[in-house]
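Notes to accompany the following structure.
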Amino acid sequence: MFTSRLLNVLALASLAVAWVEFDPELVPQLDEPLPVYGLGDPAFLPDHWVETIAGNAGHGGGKLSRRDNYGDAKVYIYDGETIIGYVDKGTGETQIFPDYTKLQPARKPLDIVKALEEFGGGNDAIPPDDTLVEVLKGSTLVGNTVNNNSEGSGSVKEGSGSEGSGSKEGSGTEGSGAKEGSGGHEGSGSEVTRGGDTESTYLATGYVQRLVECTGKKIPVCGPGSRATFGVNGQNRIVSLNWRWKPAKKTGQYIKPWDREYFIKHVKQALEAKAVESNGIKIYHVDACYYDSGDKFLQPVYRVFGETYAQEKNKTTDTFRLLKYYPIGEGSPESTEEGHSSDVEAIEYPADANQQPGGTDASHVARSLNYFDARSTLRQRGIKTNITVGRYVTRNDTVYQGEFLANANGFWNNLANTSPSPVNFINSQYYWAEPRLYGTEANTFVNSVNLVLTESHGAYHLFSTYADSGSFEAVPVPSGLLAGGYGPNNGGALAYWIVNACEFIPARIDFPTLSDADSRARAFDTWWPVFAGGLHAVLGWRTSPFFADNVAVNTAKQIALGLPIASAWLYNAHNDPAFAGKPMYVGHGNGVLQPNGRATTVYPCGHGSDTILQLQGLGNPSCLEMRYWNND
């Protein structure tokens with residue numbers, strides 16, 4: 001019996017390795033040992049820089065002030081009574097959150113270099129060390145505003161919720177790590193009017209790319225540690241910031257690269273479990289970078305991108321892409337495994353939706369934490385609004401079930417434990433997903449709570465509730481949702497819906513072969529019936545994210561702080577280190593080579609700034625707005 005079991009295990013492992021498709025030519029040739037760098041003390045931005053950027057980003061609430069939140073290391077920056085950023089006293093991490101939906105359209109080209117001139121070009125922020133830096137141009141924030149009665153806008157079509165035509169599964173040529181430019185001019189600064197709607201550029205972004213020069217090459221730094229990204233508005237002023245930096249010095253340690261064959265064998269063994277669970281894994285791109293943990297070291301790694309093969313024939317949903325960091329050789333000084341940015345100690349599993357949904361579970365009500373500002377009478381008294389939360393996770397996914405659950409758990413944990421917060425979050429529902437929860441029984445499930453997170457695989461206007469299947473037990477939008485839409489005006493309570501699924505909210509640029517009128521209709525006609533019930537916002541992706549990102553769980557923190565929800569989603573999607581270096585893939589819905597991790601938000605006109613405290617029904621909208629990150 002023992003021998004038989006052992007042979008079966010060995011056969012299974014051999015099969016798993018065989019099912020990892022990995023072309024050796026993808027692995028960059030590293031011929032010499034590469035140095036390891038040690039990280040020093042955190043670098044802090046000058047106070048007047050932070051104050052200037054916070055002033056530019058002000059939401060219009062009032063005078064800027066800084067306040068300690070007793071019990072943690074952060075000093076929060078307020079615009080009146082609204083948090084717009086913070087500085088971490090321990091790590092130096094600094095974040096400034098703009099309200100992207102209040103930005104005015106740019107009337108001229110946006111210039112990130114000119115914006116940095118106000119801060120002496122930004123050079124004084126980065127202490128001299130043994131690495132190099134370059135300022136590069138990032139993505140632009142684009143938006144459409146469409147009136148329901150505008151000429152050519154199209155009527156509401158129930159059938160328009162199917163996935164995009166011309167879908168093409170595959171990965172194509174990977175563009176990760178490509179240099180975008182020297183950070184000069186951003187050319188798309190004009191407002192374009194197209195047959196009844198307005199399309200505009202609202203923000204240009206830039207980032208500081210850290211580099212390690214060795215063996216005659218400049219190797220980019222990757223990972224969560226080195227972050228210096230900023231956004232520039234139509235007046236060429238910096239209005240957003242995400243900063244974390246430590247100087248780096250050579251330690252004297254070198255790591256000798258493995259040969260290609262040995263490295264590939266190492267990766268295949270590491271991916272063995274997923275290869276067994278799926279129909280195989282294809283590695284489609286590998287590059288070299290220096291992983292910055294943000295803790296103690298910069299170390300050379302290979303950044304590996306992959307995808308699992310479809311679990312069913314003619315799969316209509318896309319899959320989250322695989323992103324892993326592997327040491328280049330022996331002697332790695334730190335782990336390169338990234339977890340979710342939350343304090344989840346144990347995974348909580350969803351319940352069976354066949355159970356009768358209960359009421360408020362008092363054990364899941366977020367704790368009332370420290371009230372730090374005596375000037376706020378409301379916070380002094382501890383009077384908080386109760387916000388009900390629903391989480392619905394695709395079931396029976398043999399490959400990614402653990403990742404879906406980690407997202408769902410991290411999302412709740414950050415809602416419940418982020419302070420200061422003006423609300424009490426209540427964990428009302430946590431269920432394995434089924435189509436009826438979104439459709440015929442939505443008023444008992446999805447439409448019965450204020451805030452919903454959907455964890456699933458997706459396609460254009462469609463997501464799965466069973467594994468990665470889009471052909472059965474899937475939810476097409478709008479035909480698979482509750483008739484009459486979501487929200488208080490249709491017997492429900494839903495105000496904000498986050499769909500963490502690939503390519504779920506395509507924008508007009510995702511229909512490149514269609515005319516202006518047809519692309520507008522495909523992007524917007526789906527959403528009119530969804531918002532008819534008074535819904536405030538839908539948040540999601542127009543391209544595929546990674547399970548390695550922390551966008552949903554970090555967005556939960558900003559929701560809890562009372563920030564505008566649409567902007568929180570856009571901010572975290574743009575700044576997540578998983579998408580640094582602009583990794584590329586071939587879009588499932590359009591067959592176009594495009595970047596991973598481009599987010600989208602849709603909301604009724606005038607409500608992009610809504611926060612979790614705003615739950616009232618909005619009525620059937622006559623105008624919708626969409627904001628999304630472009631492909632540049």
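Looking only at segment 323-339, residues that are at pLDDT below 80 and of a type in the set (Gly, Ala, Ser) come to 1 in all. Would you confirm, using the coordinates I've provided, whether Leu141 is under 28 Å from the mean Cα position of the chain (by Cα), modelled with pLDDT of 95 or more and farther than 30 Å from Phe297 by Cα? It is true that Leu141 is under 28 Å from the mean Cα position of the chain (by Cα), modelled with pLDDT of 95 or more and farther than 30 Å from Phe297 by Cα. Candidates Leu453, Leu481: the one that is touching a residue at least 24 places away in the same chain (Cβ under 8 Å), assigned to a loop (DSSP other than H, G, I, E, B) and buried (at least 20 other Cβ atoms within 10 Å of the Cβ) is Leu481. Regarding Asp610, is this residue acidic (Asp, Glu) and either in contact with a Lys or Arg (Cβ under 7 Å, 6 or more places away or on another chain) or closer than 29 Å to Asn386 by Cβ (or both)? Taking the combined requirement at face value, the residue satisfies it. Counting residues in segment 207-223 that are in the same structural domain as Cys289 (by TED's automatic domain parsing), surrounded by fewer than 21 Cβ atoms within 10 Å (Cβ to Cβ), out of contact with any strand residue (DSSP E or B) (no Cβ under 9 Å at 6 or more places or on another chain) and free of Cβ contacts under 8 Å to residues at least 24 places away in the same chain gives zero.
Would you confirm whether or not segment 417-431 contains a residue that is within 21 Å of Gly597 (Cβ to Cβ), touching a helix residue (DSSP H, G or I) at 6+ places or on another chain (Cβ under 7 Å), of a type in the set (Gly, Ala, Ser) and in the same structural domain as Tyr486 (by TED's automatic domain parsing)? No, segment 417-431 contains no residue that is within 21 Å of Gly597 (Cβ to Cβ), touching a helix residue (DSSP H, G or I) at 6+ places or on another chain (Cβ under 7 Å), of a type in the set (Gly, Ala, Ser) and in the same structural domain as Tyr486 (by TED's automatic domain parsing).
Test Phe546 against the stated conditions and say whether it is surrounded by fewer than 24 Cβ atoms within 10 Å (Cβ to Cβ), more than 28 Å from Leu482 (Cβ to Cβ) and either among the small types (Gly, Ala, Ser) or not assigned by TED's automatic domain parsing to the domain that holds Gly206 (or both). Yes; evaluated as a whole, the condition is true for this residue. From the residues in segment 58-82 that are among the β-branched types (Val, Ile, Thr) and in contact with a Lys or Arg (Cβ under 9 Å, 6 or more places away or on another chain), which one is farthest from Ser226 (Cα to Cα)? Out of the qualifying residues, it is Ile77. Taking the criterion of being within 27 Å of the chain's Cα centre (by Cα), part of a loop (DSSP other than H, G, I, E, B) and surrounded by fewer than 20 Cβ atoms within 10 Å (Cβ to Cβ), no residue of segment 248-278 qualifies.
Return only the number of the condition from (1) buried (at least 17 other Cβ atoms within 10 Å of the Cβ); (2) polar (S, T, N, Q); (3) modelled with pLDDT of 55 or more that Ser342 does not satisfy. Evaluating Ser342 over (1) buried (at least 17 other Cβ atoms within 10 Å of the Cβ); (2) polar (S, T, N, Q); (3) modelled with pLDDT of 55 or more leaves (3) as the failure. Determine, yes or no, whether Val538 is part of a helix (DSSP H, G or I), within 28 Å of Val449 (Cα to Cα) and in the same structural domain as Ala406 (by TED's automatic domain parsing). Taking the combined requirement at face value, the residue does not satisfy it. Evaluate segment 228-235: report whether one residue or more is modelled with pLDDT under 95, over 30 Å from Gly120 (Cβ atoms), within 25 Å of the chain's Cα centre (by Cα) and surrounded by fewer than 22 Cβ atoms within 10 Å (Cβ to Cβ). No, segment 228-235 has no match at all. Residues of segment 417-446 that are assigned to a helix (DSSP H, G or I), crowded, with 20+ Cβ neighbours inside 10 Å and in contact (Cβ under 8 Å) with a residue 60 or more places away in the chain: Leu437 alone. Every listed requirement among (1) surrounded by fewer than 23 Cβ atoms within 10 Å (Cβ to Cβ); (2) in a strand (DSSP E or B); (3) without any contact (Cβ under 8 Å) to a residue 60 or more places away in the chain is met by Val475 save one, (1).
When every residue of segment 461-472 is checked against the conditions, none turns out to be free of Cβ contacts under 8 Å to residues at least 60 places away in the same chain and crowded, with 24+ Cβ neighbours inside 10 Å.
The condition of being in the same structural domain as Thr526 (by TED's automatic domain parsing), outside any loop (DSSP other than H, G, I, E, B) and more than 26 Å from Lys102 (Cα to Cα) holds for only one of Tyr603, Tyr585, that being Tyr585. Scanning segment 279-303 for residues that are in a strand (DSSP E or B), within 30 Å of Asp130 (Cβ to Cβ) and of a type in the set (Lys, Arg) turns up just one, Arg303. Quick check on segment 438-446. Is at least one of its residues out of contact with any Ser or Thr (no Cβ under 7 Å at 6 or more places or on another chain), modelled with pLDDT under 95 and polar (S, T, N, Q)? Checked against the condition, which is being out of contact with any Ser or Thr (no Cβ under 7 Å at 6 or more places or on another chain), modelled with pLDDT under 95 and polar (S, T, N, Q), segment 438-446 yields no hits at all. Restricting segment 484-506 to residues that are in a loop (DSSP other than H, G, I, E, B) and under 16 Å from Gln429 (Cβ atoms), the residue that is nearest to the chain's Cα centre (by Cα) is Ala495. Applying a threshold of 9 Å to beta carbon distances and a minimum spacing of six or more residues, or different chains, the list of pairs starting in segment 244-255 at a residue that is in contact (Cβ under 8 Å) with a residue 60 or more places away in the chain and within 29 Å of Gln95 (Cα to Cα) and ending at one that is assigned to a strand (DSSP E or B) and among the charged types (D, E, K, R) reads Arg244/Asp88; Arg244/Arg227; Trp245/Arg210; Trp245/Arg227; Lys246/Asp292; Ala248/Arg210; Ala248/Asp292. If you check Ala556, Ala568, Ala523 for being crowded, with 24+ Cβ neighbours inside 10 Å, in contact with a Pro (Cβ under 8 Å, 6 or more places away or on another chain) and of a type in the set (A, V, I, L, M), only one passes: Ala523.
Meeting the requirement of 1 or more residues that are closer than 20 Å to Ile565 by Cα and either in the same structural domain as Ser240 (by TED's automatic domain parsing) or in contact with a Cys (Cβ under 6 Å, 6 or more places away or on another chain) (or both), the strands (runs of 3 or more DSSP E) wholly within segment 33-143 are 74-79, 82-88, 94-96. Ala507 meets all of the listed conditions (1) surrounded by fewer than 24 Cβ atoms within 10 Å (Cβ to Cβ); (2) in contact with a strand residue (DSSP E or B) (Cβ under 6 Å, 6 or more places away or on another chain) but one, namely (1).
The values are calculated or read from the model by the stated rules, or taken from the named source; none is laboratory data. Note that the structure is predicted; figures quoted are calculated from it, not measured. Quick reminder, even Gly has a Cβ in these numbers, built from the backbone with ideal geometry, and neighbours come from all protein chains shown.
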